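To start, the structure itself, in structure tokens.
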């Protein structure tokens with residue numbers, strides 16, 4: 001009989017009313033600009049540049065915010081998106097949530113970052129594992145993960161510089 005999608009008998013039953021029809025939505029995907037920030041450096045050339053961009057964007061938040069910066073071929077940020085807001089001390093983020101804005105903005109690379117409200121920017125094992133997983137997903141999708149920046153109080157940690165990428 002094969003795959004149900006192509007099963008002629010089942011399609012005929014649906015036409016006859018034996019099985020209720022399934023309504024399938026037709027959708028359009030688009031990015032919506034909420035606001036913008038003026039980034040004076042224009043290009044991400046170092047982890048410090050990424051830190052400055054994320055710090056400017058996030059300001060003082062009271063819980064973990066996981067952010068993706070979408071980059072063009074010249075490493076210029078084209079979009080920022082908060083992919084996940086966690087609790088006071090954790091944030092579980094899924095790769096699809098990180099890649100969604102990158103795909104919609106036609107990014108060739110991404111820079112990810114999140115804050116540690118404790119002020120200590122040292123990566124947890126979960127931070128390291130998420131970074132490695134996102135790096136693998138990016139490689140498959142053709143979207144390069146340049147770095148993962150963890151923001152602390154007036155300081156940061158680059159997972160690339162720490163050798164976790």
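A few comments on the model shown:
- So residue 113, is it in contact (Cβ under 8 Å) with a residue 60 or more places away in the chain, closer than 29 Å to residue 38 by Cβ and in contact with a helix residue (DSSP H, G or I) (Cβ under 8 Å, 6 or more places away or on another chain): yes
- Residue count, the range 30-47 (criterion: touching a residue at least 40 places away in the same chain (Cβ under 8 Å) and either loosely packed, with under 13 Cβ neighbours inside 10 Å or touching a helix residue (DSSP H, G or I) at 6+ places or on another chain (Cβ under 8 Å) (or both)): 4
- Selection of first residues in the range 49-75 that are in contact (Cβ under 8 Å) with a residue 12 or more places away in the chain and on the phi > 0 side of the Ramachandran plot and of second residues that are crowded, with 21+ Cβ neighbours inside 10 Å and not in a strand (DSSP E or B), restricted to Cβ pairs under 7 Å at least 6 apart or on distinct chains, gives the following pairs, ordered by first then second residue: 75/44.
- Checked across the range 145-162, the condition of being without any contact (Cβ under 8 Å) to a residue 24 or more places away in the chain, surrounded by 15 or more Cβ atoms within 10 Å (Cβ to Cβ) and more than 19 Å from residue 41 (Cβ to Cβ) holds for no residue.
- Within this structure, residue 65 passes the test of being touching a helix residue (DSSP H, G or I) at 6+ places or on another chain (Cβ under 8 Å), over 18 Å from residue 43 (Cα atoms) and surrounded by 15 or more Cβ atoms within 10 Å (Cβ to Cβ).
- Restricting 116, 84, 94 to residues that are touching a strand residue (DSSP E or B) at 6+ places or on another chain (Cβ under 7 Å) and either closer than 18 Å to residue 155 by Cβ or surrounded by fewer than 16 Cβ atoms within 10 Å (Cβ to Cβ) (or both) narrows the list to 116.
- Filtered residue count, the range 130-144, keeping only those that are on the phi > 0 side of the Ramachandran plot and buried (at least 18 other Cβ atoms within 10 Å of the Cβ): 0
Laboratory data are not the source of any read-out in this text; all were calculated from the coordinates shown. Quantities reported herein were computed from a predicted structural model and do not represent experimental measurements. Glycine also receives a Cβ, built like all others from the backbone with ideal geometry; neighbour counts cover every protein chain displayed.
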